[in-house]
1. Determine the per residue accessible area of region 64-113 with all protein chains present and a 1.4 angstrom probe, expressed in square angstrom.
2. Sorted by packing (mean other beta-carbon atoms within 10 Å per residue), highest first, where do 105-112, 26-33 land?
3. Quick one: compute the contact order of region 4-135, relative version, from alpha carbon pairs under 8 angstrom and 6+ residues apart, as a percent.
Amino acid sequence: MWSTPVARTGVRTSIRAVRLMAVTIVGGVLLVAGVAALVLPGPGMLLCILGLIVLASEYVWAQRSLHWARRKSQQSIERGASSRLATYASVVGGFGLLVVGVVELIVGVPWVTSLSAAMFLVSGSVIIGTTAWSRRQYVRAPDGSAPPLHPQRSRQG
């Protein structure tokens, strides 16, 4: 019964529908959480980009949005890495978030919840890590500019 072409097509269609639903739900949740984290404590841009990566596997509009977000983040990396003041300010801000998160977890701050403390810790770590990575890339580049995140691959015939 399952060996008929019609039955196989039906199974493939069902699997495709389940995959599309899963991608839409997971990508949508990541994207909504990222937008919320833009104004709340948390790694907003990181979650938005992760959501777009998931959604881009099925939707063309998400591929275009992801391309735009990557281009904008590359410009931001180049601007931030080229300025020592911006680099120092980012690192100080990241350590500030880490301190607030640790103080909340150890002592308890009245206006910060444990969830917010965890988001402060994640955000501070992401800020420090990405700042250090972008500055290292900028310093290593021969012409003083950060190399692209995804270099164009040349086609060899």
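1. For region 64-113, the solvent-accessible area averages 69 Å² per residue.
2. 26-33, 105-112
3. 21 percent
The values are calculated or read from the model by the stated rules, or taken from the named source; none is laboratory data. All figures in this text were calculated on a predicted structure; none of them were measured in a lab. Cβ coordinates were reconstructed from backbone atoms using ideal geometry, including for glycine residues, and neighbour counts include every protein chain displayed. Surface areas here come from the heavy atoms of the whole protein model, side chains and all, with no ligands, DNA or RNA. Shrake-Rupley method; radii C 1.70, N 1.55, O 1.52, S 1.80 Å.
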